[in-house]
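One structure is given below, encoded as structure tokens.
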Amino acid sequence: MKTKTTPSPVSTSTPAVISGFTLGLDLGDRQHHVCVLDAAGNIVREASLPNTRPALAGLLAEFPRATVALEAGTHSPWISRHLTGLGATARNLVGMSLVSFV
């Protein structure tokens with residue numbers, strides 16, 4: 001008999017985080033939305049930023065070496081490469097894989 005499993009709540013431990021910050025990026029054609037979590041899982045910022053390399057670089061300047069979770073989509077390949085080049089750990093995620101990320 002199969003048992004139904006439910007996703008576990010968001011973990012407050014973040015083993016993949018080097019800098020202590022995890023950034024979640026919801027990518028858009030013209031702008032992105034970001035949610036920044038500290039090492040304890042507390043939201044420290046929610047904001048929008050334009051879809052430009054300088055805006056992404058500015059975000060990483062504030063949160064260097066952060067782990068960045070971004071949705072898989074049209075912009076994710078170049079953004080992932082750009083963020084990695086800036087020192088972040090970028091993870092491209094498909095919507096339902098978020099449960100396993102945290």
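The values are calculated or read from the model by the stated rules, or taken from the named source; none is laboratory data. Worth saying up front: this structure is predicted, and the values here are computed from it rather than measured. In this analysis, Cβ positions are derived from the backbone assuming ideal geometry, glycine residues included, and neighbour counts consider all displayed protein chains.
The figures follow:
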| read-out | value |
| --- | --- |
| Residue, farthest from the chain's Cα centre (by Cα), within segment 42-60, restricted to residues that are touching a residue at least 24 places away in the same chain (Cβ under 8 Å) and over 22 Å from Val94 (Cβ atoms) | Arg53 |
| Qualifying residues in segment 64-87 (those that are buried (at least 17 other Cβ atoms within 10 Å of the Cβ) and of a type in the set (A, V, I, L, M)) - the one modelled with the lowest pLDDT | Leu70 |
| Residue list for segment 26-63, restricted to those being assigned to a strand (DSSP E or B), β-branched (Val, Ile, Thr) and surrounded by fewer than 17 Cβ atoms within 10 Å (Cβ to Cβ) | Ile43, Val44 |
| Residue in segment 2-14 that is in contact with a strand residue (DSSP E or B) (Cβ under 9 Å, 6 or more places away or on another chain), surrounded by 14 or more Cβ atoms within 10 Å (Cβ to Cβ), part of a loop (DSSP other than H, G, I, E, B) and modelled with pLDDT under 50 present | yes |
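Each row is one residue, and each column tells you yes or no for (1) at positive phi; (2) touching a Leu at 6+ places or on another chain (Cβ under 6 Å).
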| residue | (1), (2) |
| --- | --- |
| Gly41 | yes, no |
| Ser48 | no, no |
| Thr52 | no, no |
| Leu56 | no, no |
| Val68 | no, yes |
| Trp78 | no, no |
| Thr84 | no, no |
